[in-house]
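What follows is a single structure, written as structure tokens, with notes after it.
The values are calculated or read from the model by the stated rules, or taken from the named source; none is laboratory data. Remember, predicted model here, so these are calculated numbers, not experimental data. All Cβ positions, even for glycine, are placed from backbone atoms using ideal geometry, and neighbour counts span all protein chains on display.
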2 protein chains.
Amino acid sequence: MTMNDEKTYSVADALACVLKHATLRGVEEIALDQALWRTLAEDVRANRDQPPYDVSAMDGFAVRSADLTVGGAALTIVEDIKAGDRPKATLGAGQCARIMTGAALPTGADAVIRVEDTRPLTDTLVEITVPVKPGNDIRRRGDNMRCGDVVLTAGTAITPGVMGLLATVKRARVSVHARPRVAILSSGDELEALDAPLNPHGIPESNSHALTGQVQALGIDPVRLGIAPDKPEVLARYIRQGLDYDVLLVSGGSSVGMHDHVRPTLEALGVVMHFWRVEMKPGFPLAFGTHGSTLVFGLPGNPVSSMVSFEQFVSPTLRRMLGHRSLFRRTLTARLTHSIKHRPGRVEFVRVTLVAGNDGRWNAASTGSQSSGDLTSMARLDGLAIVPADCAGLAAGDAVQIQLLDGGMFQETSGFLADGTA
Amino acid sequence: MTMNDEKTYSVADALACVLKHATLRGVEEIALDQALWRTLAEDVRANRDQPPYDVSAMDGFAVRSADLTVGGAALTIVEDIKAGDRPKATLGAGQCARIMTGAALPTGADAVIRVEDTRPLTDTLVEITVPVKPGNDIRRRGDNMRCGDVVLTAGTAITPGVMGLLATVKRARVSVHARPRVAILSSGDELEALDAPLNPHGIPESNSHALTGQVQALGIDPVRLGIAPDKPEVLARYIRQGLDYDVLLVSGGSSVGMHDHVRPTLEALGVVMHFWRVEMKPGFPLAFGTHGSTLVFGLPGNPVSSMVSFEQFVSPTLRRMLGHRSLFRRTLTARLTHSIKHRPGRVEFVRVTLVAGNDGRWNAASTGSQSSGDLTSMARLDGLAIVPADCAGLAAGDAVQIQLLDGGMFQETSGFLADGTA
């Protein structure tokens, strides 16, 4: 149980440390319709060829290409074939079948002519206006997948598209990684609970609610343990309860509270502390420890610092514990609309909104006050502009990486339609 | 009940048409912890000043600036003030108070010195090593918000940051826009249900499951009505059931099924059809109608076309019905790794994955086959590259707008840490 009072990690080292402890928590079988955002704990195989036979790729006519080597033939329609039909006819010379996209090719046919390249003559006679090569507009049996092929590998995130593919191979139930169980504990005598009467001089407890939203956004419903007072034996009781979970988030009141009260209590309960501070802004006082397989994060009491720290460390950790391969928020490049002062030393995360430029690129503008106590900025940001630790300041027009947060996943314009209304 | 057989809309016109019918569906009051991704149906006001009094912006010492006009004074520590404490002392000449971030300033103090700019001499004596101006590192009462200020306006999307802000102003319950009720109906005799026995030549019904995921991803739990057969009177019974919802998604089997069976049934039930086709690829056969306040989308039977059509039209519609201002998926600019052939006419949506370039910008590569029957591409894409209608083809290296879909919201690398592991 070593602990270094001065243990300050770089962002990269802190991230490597927390991810090393982010392990999977078992497997469960669930219904497909409950599986969105979970990750597969098994390889999934095709249970038949797709398509199950040669099919038409177009609405049109199934033909014998030998009838059309020079183009311009009139063919007799001997059958109408829709998707799911079993064709009855065998095409002879001068014959064709009307066929829909996805429908099975009749025996004798070796090409498809799209309807746009034909002209109806009578109900049973069609003029083909183009020549055709064998195989034209045919999708071959097994083109998409062959029976027995692995179509989805363990670890795949279950998006809506994956749900469709799982239904295609008839997986009404799937084996997925279990969700880690997450507990959230606030600490500090000064905090006023959401359901407590209003004290005009009180400090409202908001961190556990913002953290609840952050955890829910990752697909996990956390348990809130309440507000622990600074009294050591009561705090210990709360923390002991939290250590029964896979992940415990302790939202410190003031940083003095974290060091004076939370820290000795965690140590006394056998939590091995790995670091206490991270070279970032906001979020400097950020602690991480482990107790058996339980991960304990000591998050700063400052509302903005708490949320930013969560995004940088807890979110990738929970994503990995959920079985995801993509742990990190999407980043994009934007141009700053203003300069940013920065003293080399810590990575800085600047709250920004994104505004589309006339050239289709993004401009990033600060949300205004970067005070770490001002939650209003977290309520309206699109993302965080990342100022690297060694940067000596950025000028207006400089390119900067933006980490897109939840508020930035949708935008007000389509981004590609010219009329501006959409 | 006018209907034009040939009614083909541009993407922009089709979008304008569907959004015109996307209306709000009432208001409900819910618990804060259930409010993620909903939108506020009320303005929310601050219920006290934040901060409630002048507070320190730093861990350090509250001082009288008059004592430090030249720097380098030794001051007597008369009190320790933590966040939430009510200070007792009034600072006299030569006195200071140890103070934590967010703690109330004692009477007499007019500046804060951060702890880094001080040196402890004894337990009650501290040397200040810098001069200071009045107001230094003080956050004034009401700096973040003043009692009565509107801090969140109606229509705000409830992100985790908004949840924190709502807790700050003690809103345990909030008034939000009701979710539209969404029904999904599949149609076509050829479709094999997920729970039906495997027929090696059958066509598995996957669209309703992919659509379920797409609707769930927007925060709505849809109802699946099942697979309607092509028999008109039975189909009518299914559709009548669907018209009781706010939004009905009919996933056509083959397009012939849509036109031969679904279309006359919708008309017979009094659904006013606004368009039948949209100039896009994939997704050309896309229908939209209304029945009273119910919106009816006729989605293509092709699995990829169905999903892409949903993203372009149904998703913005549901977002608006949910009360959101940001209706559209985030777009970013990427460079194509290969050329794309394109015949001017329809907007084309090309399934791509994004790979980070060495310069921190994104490269976009096709997922491979762009066959609209191949769902495996939808299961692994990050987004859709948008090829404008009037484009005559794109070359490798060209910049292209990427619409980020659900699979593209997270990435495998942090995007800003140099070590590559994170």
Task: Tally, over the stretch B:4-28, of residues that are closer than 23 Å to residue A:380 by Cβ and in contact with a Ser or Thr (Cβ under 8 Å, 6 or more places away or on another chain) - done: 1
Open item on the list: Among the residues of the stretch A:162-169, are any assigned to a strand (DSSP E or B), under 30 Å from residue B:205 (Cβ atoms), within 11 Å of chain B (Cβ to nearest Cβ) and among the aliphatic types (A, V, I, L, M)?
Closed with: no
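Listed here are the residues, each with its yes/no results for (1) part of a strand (DSSP E or B); (2) within 21 Å of residue B:117 (Cβ to Cβ).
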site: B:47; (1), (2): no, no
site: B:62; (1), (2): yes, yes
site: B:67; (1), (2): no, yes
site: B:80; (1), (2): yes, yes
site: B:92; (1), (2): no, no
Open item on the list: When you check residue A:353 against the structure, is it at pLDDT 95 or above, among the hydroxyl-bearing types (Ser, Thr, Tyr) and farther than 30 Å from residue A:153 by Cβ, yes or no?
Closed with: yes
Open item on the list: Restricting to the stretch B:277-336, name every residue that is part of a strand (DSSP E or B), within 22 Å of the chain's Cα centre (by Cα) and small (Gly, Ala, Ser).
Closed with: B:334
Open item on the list: Filter the stretch A:184-217 down to the residues that are under 21 Å from residue B:141 (Cβ atoms) and either at pLDDT 95 or above or crowded, with 17+ Cβ neighbours inside 10 Å (or both) and list them by number.
Closed with: A:188, A:190, A:191, A:192, A:202, A:203, A:204, A:205, A:206
Open item on the list: Considering only residues that are within 14 Å of chain A (Cβ to nearest Cβ) and either within 19 Å of residue B:229 (Cβ to Cβ) or polar (S, T, N, Q) (or both), which ones fall in the stretch B:263-299?
Closed with: B:299
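Conditions (1) of a type in the set (Asp, Glu); (2) out of contact with any strand residue (DSSP E or B) (no Cβ under 8 Å at 6 or more places or on another chain); (3) at pLDDT below 95, marked per residue:
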residue: B:72; (1), (2), (3): no, no, yes
residue: B:77; (1), (2), (3): no, no, no
residue: B:84; (1), (2), (3): no, no, yes
residue: B:104; (1), (2), (3): no, no, yes
residue: B:111; (1), (2), (3): no, no, no
residue: B:153; (1), (2), (3): no, no, no
residue: B:163; (1), (2), (3): no, yes, no
Open item on the list: Filter the stretch A:77-95 down to the residues that are more than 19 Å from residue A:140 (Cα to Cα) and either touching a Leu at 6+ places or on another chain (Cβ under 9 Å) or crowded, with 21+ Cβ neighbours inside 10 Å (or both) and list them by number.
Closed with: A:77, A:78, A:79, A:94, A:95
Task: The lone exception for residue A:317 - which of (1) within 25 Å of residue B:333 (Cβ to Cβ); (2) in contact (Cβ under 8 Å) with a residue 40 or more places away in the chain it fails - done: (1)
Open item on the list: Consider the stretch A:359-390. How many of its residues are assigned to a strand (DSSP E or B) and in contact (Cβ under 8 Å) with a residue 60 or more places away in the chain?
Closed with: 1
Task: Residue that is farthest from the chain's Cα centre (by Cα) [pool: residues in the stretch A:194-224 that are among the hydroxyl-bearing types (Ser, Thr, Tyr) and within 7 Å of chain B (Cβ to nearest Cβ)] - done: A:206
TODO: Residues being touching a Pro at 6+ places or on another chain (Cβ under 9 Å) and crowded, with 17+ Cβ neighbours inside 10 Å: count how many of those fall in the stretch B:66-76.
DONE: 1
Open item on the list: For the stretch A:366-379, which positions are surrounded by 19 or more Cβ atoms within 10 Å (Cβ to Cβ) and either closer than 23 Å to residue A:412 by Cβ or more than 8 Å from every other protein chain (Cβ to nearest Cβ) (or both)?
Closed with: A:372, A:375, A:376, A:377, A:378, A:379
Open item on the list: Which pairs turn up if I take residues in the stretch A:105-119 that are more than 11 Å from residue A:58 (Cβ to Cβ) and look for partners that are of a type in the set (A, V, I, L, M) and in a loop (DSSP other than H, G, I, E, B) with beta carbon separation below 6 Å, at least 6 apart in sequence or on another chain?
Closed with: A:106/A:89; A:106/A:91; A:108/A:91; A:109/A:91
TODO: Take residue B:63 and decide whether it is touching a Leu at 6+ places or on another chain (Cβ under 7 Å), within 30 Å of residue B:291 (Cα to Cα) and either surrounded by 19 or more Cβ atoms within 10 Å (Cβ to Cβ) or of a type in the set (D, E, K, R) (or both).
DONE: no
Open item on the list: Can you go through A:394, A:375 and tell me which one is at pLDDT 95 or above and of a type in the set (A, V, I, L, M)?
Closed with: A:394
TODO: Please specify each residue of the stretch B:20-45 satisfying the condition of being part of a strand (DSSP E or B), loosely packed, with under 15 Cβ neighbours inside 10 Å and within 12 Å of chain A (Cβ to nearest Cβ).
DONE: B:31
Task: Filter result (over 21 Å from the mean Cα position of the chain (by Cα) and surrounded by fewer than 24 Cβ atoms within 10 Å (Cβ to Cβ)) within the stretch B:160-180 - done: B:169, B:170, B:171, B:172, B:173
Open item on the list: Take the conditions crowded, with 16+ Cβ neighbours inside 10 Å, within 43 Å of the chain's Cα centre (by Cα) and not assigned by TED's automatic domain parsing to the domain that holds residue A:168 and apply them to residue A:132. Does it pass?
Closed with: no
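Yes/no matrix, rows are residues, columns are (1) over 30 Å from residue A:383 (Cβ atoms); (2) in contact with a Ser or Thr (Cβ under 6 Å, 6 or more places away or on another chain):
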position: B:284; (1), (2): yes, no
position: B:287; (1), (2): yes, no
position: B:293; (1), (2): yes, no
position: B:303; (1), (2): yes, yes
position: B:309; (1), (2): no, no
position: B:316; (1), (2): no, no
position: B:320; (1), (2): no, no
position: B:327; (1), (2): no, no
- [ ] Taking the residues in the stretch B:391-413 that are of a type in the set (Gly, Ala, Ser) and not in a strand (DSSP E or B) as candidates, determine which candidate is farthest from the other protein chains (Cβ to nearest Cβ).
- [x] B:396
Task: Residues of the stretch A:328-358 classified as among the hydroxyl-bearing types (Ser, Thr, Tyr), more than 30 Å from residue B:83 (Cβ to Cβ) and either more than 9 Å from chain B (Cβ to nearest Cβ) or without any contact (Cβ under 8 Å) to a residue 12 or more places away in the chain (or both), total - done: 2
